[in-house]
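> Take this structure, written in structure tokens, and hold onto it; I'll ask about it next.
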Amino acid sequence: MKWTRARKLASIRHFLKFLKENDVLAGNPTETITRALKEEKDPAVLFKNEYKALLFEAQGNSRDYAILPTFKGCLQPIDILG
């Protein structure tokens, strides 16, 4: 389910719940609608050989070559596999 739909459904649910609590509606028809579960995405990882390839490509550009080790320092150890 797209998250815009989920937000709209949540708004409608809340509004109908308000109407039910204030005795405008007898029931809330959205109570039977199940919510979609958020999809879990696998983390993106950088393998050691891919990191070394990036370093090799950046050798001609000192700025890029300096940024890559800094970037590696920001990664969790699990993010660089090899």
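> Treat each spin label as a single point 7 Å out from the Cα along the C-beta direction, and report the Ala36 to Ala66 distance in nm.
With each label point 7 Å from Cα toward Cβ, the separation is 4.6 nm.
> Sorted by packing (mean other beta-carbon atoms within 10 Å per residue), highest first, where do 37-47, 15-25 land?
15-25, 37-47
> How much length is gained on full extension from Lys8 to Asn22, taking 0.36 nm per residue of separation minus their Cα-Cα distance? Could you put the intermediate results ahead of the total?
On the way: separation 14, 0.36 × 14 = 5.04 nm, distance 2.13 nm.
Taking Lys8 through Asn22 to full extension adds about 2.9 nm, to one decimal.
Laboratory data are not the source of any read-out in this text; all were calculated from the coordinates shown. This one's a predicted model, so the numbers in the text were calculated from it and none came from an experiment. Please note: Cβ atoms are built from the backbone with ideal geometry, for glycine as well, and neighbour counts cover all protein chains shown.
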